[in-house]
Amino acid sequence: MNPSSAPDEKLDLESLVTSYAARRPGWAGVEGRVTSVDDEVIVDGRPGIRDVVAEVGGTKVHLALGLKAPGEETRVLAGVEEPVLGVYDDPLGVAVAFDAIRDADTAALLLEAVTGRTIDPQRVRQIRFDTSSATLAFDDRLDFTIFDRLVDGAHPGLELLVGLDSVGFNHVSPPVAVWRRAGHDLGVVQEHLSGGSSGWAMARTSVRDLYDARGRAEDAGGDFASEARRLGTMTARMHLALVEAFGRRDQPIAQIAQSVRSHISDTAPELMDRADLPALLASLSSSEDSCAITRTHGDFHLGRVWRAEQGWMVVELTAGEHPVNRPGAVPGDTDLDAVVGPGPSERSPLADVADMLWSFGTVASVAAARRDPAGKEDLGPLADEWERRNRVAFFAGYESVPGITGLFPPDHDDVSRLLALFEIDRTAGRRARRRN
């Protein structure tokens, strides 16, 4: 690796980073003066890559800067915007500077630099792009996620992935390589998941089949209940693995209730007028029992899981991100993808369960509204039946896993009350997100 750039080159890098932040989709709030730059030459020459970490208006951003000689073709990946940011002058001369992960040649070079594996640039494609990362598939064998909004220390989602993999949880795609520099997690390479479908897409198809059949949910061709039960089983195994990887502690239920109450009051005060909320809060606030607290996913819903050939997989551990583009997405996916959870954090595993239960109701209601906006078909009872059937199946699968009830409060009624409270909290977060 070459040393960091000279002072004049630093000024050029600051200009390019500013240009990148201004043009980056989903980065409306990332603006201001570049106050620090740390860079490293990843690939020398032309084409080359200079990797830059900078602070822009208080936000740490990461840019893998591709460099090609003037007149040299940029091989822009399908479905991405023009990546050119400007010109850059270093000891090798003037170069066209661009976002390296949007160009097939430099994306392949970057993968080789991080993993040592060589991939034909023609076998590179983008599979995800959100407000803090992009994921590229290489020859449908490796997925490379590059973070471009950074946190100090470990990236929470990556830390969760590594922790789960370290204890043998096999419902995540294992990391092949982790890209780190100077205390920052810059990216991760994982095995590519082939085949299958997202939980959101499968559930949406199931609901549509029921609305077409106009019969009982269990008789519809796309009945989802068996998959919901398997998903519940996988979720319980994930929580037990998280306890093994990160440990657990106990917290009084009364404290949990008061914390959730404060969050609802601050983020969506109108929900404090719900008829069921006062009784829930009163019951939980008077409890003398405790509940297990451990690391959780933090934004666990049907859009975060994938039904692959080997079973249900957790495919998005980077909660806190909102997709800007996902191939195959359809209007309405954002009804689940709009992130409202805190991301990987310490809380009751039942909060993850409540997130998933909430998403069952969301997919049913969204599908009904999209099929019949005027409400003439009276799909509400069918939506309620589909939601009830799959909630019951999911939780049955969840609580059937040996050891999982050890993370529950001892009073079964408190379990039900906490789930209800966490679902209201999820609704509060969603409303706050939409207002912002």
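The values are calculated or read from the model by the stated rules, or taken from the named source; none is laboratory data. Small disclaimer: the values here were computed from a predicted structure and weren't measured. Here the Cβ positions follow ideal geometry from the backbone for every residue, glycine too, while neighbour counts run over all protein chains shown.
Hey, Pro381 hits all of (1) free of Cβ contacts under 8 Å to residues at least 40 places away in the same chain; (2) over 24 Å from Gly199 (Cα atoms); (3) not hydroxyl-bearing (Ser, Thr, Tyr) but one; which does it fall short on?
Going through (1) free of Cβ contacts under 8 Å to residues at least 40 places away in the same chain; (2) over 24 Å from Gly199 (Cα atoms); (3) not hydroxyl-bearing (Ser, Thr, Tyr) one by one, Pro381 breaks only (2).
Of the residues Arg204, Arg128, Arg216, which is touching a residue at least 60 places away in the same chain (Cβ under 8 Å) and either in contact with a Phe, Trp or Tyr (Cβ under 7 Å, 6 or more places away or on another chain) or not assigned by TED's automatic domain parsing to the domain that holds Val315 (or both)?
Numbers: Arg204 fails: either in contact with a Phe, Trp or Tyr (Cβ under 7 Å, 6 or more places away or on another chain) or not assigned by TED's automatic domain parsing to the domain that holds Val315 (or both); Arg216 fails: either in contact with a Phe, Trp or Tyr (Cβ under 7 Å, 6 or more places away or on another chain) or not assigned by TED's automatic domain parsing to the domain that holds Val315 (or both).
When all the criteria are applied, what remains is Arg128.
Starting from the range 27-48, keep only residues that are touching a residue at least 60 places away in the same chain (Cβ under 8 Å), then list their pairs with residues that are of a type in the set (S, T, N, Q) whose Cβ atoms are within a distance under 6 Å, requiring at least 6 positions of separation or different chains.
Val30/Thr59; Pro47/Thr106
Table: residues versus (1) aliphatic (A, V, I, L, M); (2) within 26 Å of Ala137 (Cα to Cα); (3) out of contact with any Ser or Thr (no Cβ under 9 Å at 6 or more places or on another chain).
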{"site": "Pro47", "(1), (2), (3)": "no, yes, no"}
{"site": "Thr59", "(1), (2), (3)": "no, no, yes"}
{"site": "His62", "(1), (2), (3)": "no, yes, yes"}
{"site": "Val76", "(1), (2), (3)": "yes, yes, yes"}
{"site": "Asp90", "(1), (2), (3)": "no, no, no"}
{"site": "Gly93", "(1), (2), (3)": "no, no, yes"}
{"site": "Phe98", "(1), (2), (3)": "no, yes, no"}
{"site": "Arg102", "(1), (2), (3)": "no, yes, no"}
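Inspect all residues belonging to the range 152-163 and state whether any of them is in contact (Cβ under 8 Å) with a residue 24 or more places away in the chain and closer than 18 Å to Ala107 by Cβ. Give the derivation first.
So in the range 152-163, the residues in contact (Cβ under 8 Å) with a residue 24 or more places away in the chain come out as 152-161, 163.
From what is left, the residues that are closer than 18 Å to Ala107 by Cβ are none.
No: zero hits.
How about the range 182-197: which of its residues are in contact with an Asp or Glu (Cβ under 9 Å, 6 or more places away or on another chain), of a type in the set (S, T, N, Q) and touching a residue at least 60 places away in the same chain (Cβ under 8 Å)?
Ser194
Which of the helices (runs of 4 or more DSSP H) found entirely inside the range 349-436 contain at least 3 residues meeting this: among the acidic types (Asp, Glu)?
On the way: elements: 349-371, 380-399, 412-435.
Result: 380-399, 412-435.
Return the pairs, sorted by first residue and then second, in which the second residue is part of a strand (DSSP E or B) and of a type outside the set (Ser, Thr, Tyr), the first residue lies in the range 53-70 and is more than 17 Å from Glu9 (Cα to Cα) and not assigned by TED's automatic domain parsing to the domain that holds Asp99, the beta carbons are less than 7 Å apart, and the residues are 6+ apart or on different chains.
Short answer, once both residue conditions are applied: none.
Would you confirm whether or not the range 223-235 contains a residue that is in the same structural domain as Leu280 (by TED's automatic domain parsing), farther than 30 Å from Leu382 by Cα and assigned to a helix (DSSP H, G or I)?
No, the range 223-235 has no match at all.
Of the residues that sit in the range 28-66 and are more than 22 Å from Val96 (Cβ to Cβ) and within 22 Å of the chain's Cα centre (by Cα), which one is surrounded by the fewest Cβ atoms within 10 Å (Cβ to Cβ)?
If we take residues in the range 28-66 being more than 22 Å from Val96 (Cβ to Cβ) and within 22 Å of the chain's Cα centre (by Cα), then Ala28 is surrounded by the fewest Cβ atoms within 10 Å (Cβ to Cβ).
Of a type in the set (Phe, Trp, Tyr), touching a residue at least 40 places away in the same chain (Cβ under 8 Å) and not in a strand (DSSP E or B): is that true of Trp179 in this structure? Before the answer, list the steps.
On the way: of a type in the set (Phe, Trp, Tyr): yes; touching a residue at least 40 places away in the same chain (Cβ under 8 Å): yes; not in a strand (DSSP E or B): no.
When the stated conditions are applied, Trp179 does not pass them.
Using the structure shown, decide if Arg307 is outside any loop (DSSP other than H, G, I, E, B), in contact with a helix residue (DSSP H, G or I) (Cβ under 7 Å, 6 or more places away or on another chain) and either within 30 Å of Gly380 (Cα to Cα) or free of Cβ contacts under 8 Å to residues at least 12 places away in the same chain (or both). Outline the logic, then answer.
Numbers: outside any loop (DSSP other than H, G, I, E, B): yes; in contact with a helix residue (DSSP H, G or I) (Cβ under 7 Å, 6 or more places away or on another chain): yes; either within 30 Å of Gly380 (Cα to Cα) or free of Cβ contacts under 8 Å to residues at least 12 places away in the same chain (or both): yes.
The answer is yes for Arg307.
Listed residues Ala78, Ala108; which is among the hydrophobic types (A, V, I, L, M, F, W, C), assigned by TED's automatic domain parsing to the domain that holds Trp179 and at pLDDT 95 or above?
On the way: Ala78 fails: at pLDDT 95 or above.
On inspection, the qualifying residue turns out to be Ala108.
Give me the residue from the range 139-176 that is among the hydroxyl-bearing types (Ser, Thr, Tyr) and over 30 Å from Ala22 (Cα atoms) and, out of that set, modelled with the highest pLDDT.
We begin by selecting, within the range 139-176, every residue among the hydroxyl-bearing types (Ser, Thr, Tyr); these are 145, 166, 173.
Next, only the ones that are over 30 Å from Ala22 (Cα atoms) stay: 166, 173.
Details: Ser166: 97, Ser173: 92.
Looking at the filtered set, the residue picked out is Ser166.
Right, Asp51: closer than 24 Å to Ala154 by Cβ and at pLDDT 95 or above or not?
Numbers: closer than 24 Å to Ala154 by Cβ: yes; at pLDDT 95 or above: yes.
The answer is yes for Asp51.
Glu316 - would you say it is touching a Lys or Arg at 6+ places or on another chain (Cβ under 7 Å), within 30 Å of Phe144 (Cβ to Cβ) and modelled with pLDDT under 95?
Values: touching a Lys or Arg at 6+ places or on another chain (Cβ under 7 Å): yes; within 30 Å of Phe144 (Cβ to Cβ): yes; modelled with pLDDT under 95: yes.
The answer is yes for Glu316.
Under the condition of being in a loop (DSSP other than H, G, I, E, B) and either in contact with a helix residue (DSSP H, G or I) (Cβ under 7 Å, 6 or more places away or on another chain) or of a type in the set (Val, Ile, Thr) (or both), which residue from the range 30-48 is modelled with the highest pLDDT? First the steps, then the outcome.
So in the range 30-48, the residues in a loop (DSSP other than H, G, I, E, B) come out as 30-33, 44-47.
Right, trim to either in contact with a helix residue (DSSP H, G or I) (Cβ under 7 Å, 6 or more places away or on another chain) or of a type in the set (Val, Ile, Thr) (or both) and you get 30-31, 47.
Working: Val30: 91, Glu31: 89, Pro47: 97.
It comes out as Pro47.
When you scan the range 236-274, how many residues do you find that are under 14 Å from Ser348 (Cβ atoms), touching a residue at least 40 places away in the same chain (Cβ under 8 Å) and either hydroxyl-bearing (Ser, Thr, Tyr) or not in a helix (DSSP H, G or I) (or both)?
4
Every residue, every condition in (1) touching a helix residue (DSSP H, G or I) at 6+ places or on another chain (Cβ under 7 Å); (2) surrounded by fewer than 17 Cβ atoms within 10 Å (Cβ to Cβ), yes or no:
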| position | (1), (2) |
| --- | --- |
| Ile119 | yes, no |
| Arg128 | no, no |
| Thr135 | no, no |
| Asp139 | yes, yes |
| Arg149 | no, no |
| His155 | no, no |
| Asp165 | no, no |
| Val172 | yes, no |
| Gly183 | no, yes |
